[in-house]
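Structure, as structure tokens:
The values are calculated or read from the model by the stated rules, or taken from the named source; none is laboratory data. A quick note: this is a predicted structure, and the numbers were derived from the prediction, not measured. Quick reminder, even Gly has a Cβ in these numbers, built from the backbone with ideal geometry, and neighbours come from all protein chains shown. Side chains are part of the model used for accessible areas, which takes the heavy atoms of the whole protein and leaves out ligands, DNA and RNA. Shrake-Rupley method; radii C 1.70, N 1.55, O 1.52, S 1.80 Å.
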Amino acid sequence: MVGDLDIIKSGLIDRIEHVCERLLPDGKPEGGLWVAWNPIEHDQKPGRLPALKVRIRNGDIGAWSCWRSGAKGDVLKLVAYVERTDIKGALAWGRDFLGIRSMSPAERQNLRKAEVVRQKERDHKAERARLFKLQSADQLFFAKPSDKETGPAWCPQGTFAYGEGTAAELHAKAYFRGRGVDLDAIPNLNRYSFRFSPATEWWKGARYENSDGRRWKAERGPLFPAMHSAMRNRMGIVTACHITFFDPVKPKKAPVTPAKLMWGEALGAVIEISMGPNAVPFWMADRDGLVPDPVVVGEGIETAASFSEPVPEARVWAGGSLAGVGSAPIDLACIEWALFARDNNAGNAQAQKQFDQALAGLERHGKTVVVEASHVGDDFNDLAQGEE
């Protein structure tokens, strides 16, 4: 039984959905993840969403994390965590699950050879899935009218540019005015960051079915008016599309949780809200004679946008998440220093840990980073509205 770690780990990865069904039976597949409550933390409470997520398709299969507790690891650590044992105990569990104990040495060797082939197939499939996400993220931002999905979502009427005056654009602007942000009043607003959709599918509400090794969308999710925001990397390439879904009648967020979704590869990319006094997008700001600007980086669009009017001398970016803030490309020559506009998550240990990681990510570039937290509400957008 010694020396079979490789075939046990590969075997568990190859059967990851069955592993999740056994360890996390209250969970279910959502996109490429198995999403469940944390059976160790007993975190199922009214108003909460499941926080333990295991990668079951595309990418690093078997990798998991609980964003509420901070626990994470690979598939063997998942077994050890849920079964409350160590790696030795996880290997024993894996041997029983895969039936390896009853195999002869020759059978185990054949299994090892087969797992090498399957690992190559998984790697190839993961790379194809990554390229699809990158391509479809750009297509989702610039969506064309279609009766088919663009990436994960159906966007039947496509998206429209900022300034076209569509009903979807007016609806989105009314939402932001209700949040104390007038997009039209932002100095040097980067209009290329935003497009508006009369109807985008909230794909988290879709129903999927599995049969004969295939998985397909059996029923689409609900449609809502939406704002599509481009998350661009340092070269200006749209690698992720951030979507804010709005209530179809009132200028507020859609009645779904979460009302914001991202599709693509968001780390290393940001939504540029304001281009600062140079009025040049950050991916084109390598021209001679341009003086570097400070940048304000916030997690959400509303938080970041709250700085755009009162701080016209700075670029303003939204990272989409704390991890996104930490990976923002502030090392670009057009950035002089950064202000990290953090949300007010006092008392939340996990949010504090994520903040510390994001701050370390910004500071690794060697530039000055100043942290500001709102003293009112949850974030600076609450402060801008005067909420107590």
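Odds and ends about this structure:
- Loop-resident GluC sites (Glu not before Pro) (DSSP state other than H, G, I, E or B) in region 275-341 with no more than 12 further Cβ atoms inside 10 Å of their Cβ: 313.
- With R₀ fixed at 35 Å, the C-beta to C-beta distance from residue 102 to residue 219 puts the FRET efficiency at about 0.25.
- Label-to-label distance for residue 333 and residue 28 is 5.3 nm, based on points extended 7 Å past Cα in the beta-carbon direction.
- Projected label distance in nm at residue 127 and residue 42, using a 7 Å step from Cα toward the beta-carbon: 4.7
- Dipole-positive endmost among 79, 270, 300 within the chain (Cβ charges, Cα centre): 79
- Here the chain is treated with +1 on each Lys and Arg Cβ and -1 on each Asp and Glu Cβ, and its dipole about the Cα centre works out to around 1480 debye.
- For region 180-273: rounded, prolate or oblate by the Cα gyration tensor [a/c cutoff 1.5]: oblate
- Computed FRET value (nearest 0.05) for residue 157 with residue 5, which takes r as the C-beta separation and R₀ as 51 Å: 0.45
- Theoretical FRET efficiency, 1/(1+(r/R0)^6), r = Cβ-Cβ of residue 356 and residue 250, R0 41 Å, to 0.05: 0.65
- Stokes-Einstein D for region 124-245, Kirkwood Rh over Cα pairs, 20 °C, 1.002 mPa s (µm²/s): 138
- Among the listed values (i) 1.39; (ii) 1.08; (iii) 1.01, the one matching Cα Rg over 2.2 N^0.38 Å as calculated from this structure is (ii).
- Of all segments of the chain bounded by trypsin sites (Lys or Arg not before Pro) found in a DSSP loop with no more than 11 other C-beta atoms within 10 Å, the longest spans 149-286.
- Lys pairs, region 87-192 - Cα-Cα below 24 angstrom, 8 or more residues apart or on other chains: 8
- Kirkwood analysis of the Cα pair distances in region 240-306 returns a hydrodynamic radius of 14.4 Å.
- Theoretical gain in end-to-end length, residue 211 to residue 63 [0.36 nm per residue, Cα-Cα removed]: 50.8 nm
- Point-charge dipole on Cβ atoms (K/R +1, D/E -1) for region 1-117, about Cα centre, debye to 20: 140
- What region 106-227 shows is 55 Å² of accessible area per residue, with the surface traced by a 1.4 Å probe over protein heavy atoms.
- Cα shape, region 17-102, gyration tensor, a/c 1.5 rule: prolate
- Contact order normalised by residue count of the chain, Cα under 8 Å, 6+ apart, percent: 10
- Surface composition of region 103-166: carbon and sulfur atoms hold 56% of the protein heavy-atom accessible area at a 1.4 Å probe.
- Largest-first principal axis extents, alpha carbons of region 248-348, Å: 48, 31, 29
- For the chain, share of DSSP beta bridges that run antiparallel, in % to the nearest 5: 75
- Measuring nothing but protein heavy atoms, the accessible surface of region 203-302 at 1.4 Å probe radius is 52 percent carbon and sulfur.
- Pair residue 167, residue 370: separation of 7 Å Cα→Cβ label points (nm): 4.5
- Residue among 230, 92, 341 with the largest mean-square fluctuation in a Gaussian network model of the chain, springs linking Cα atoms under 10 Å: 92
- Between residue 117 and residue 235, residue separation times 0.36 nm minus the direct Cα-Cα distance comes to 38.9 nm.
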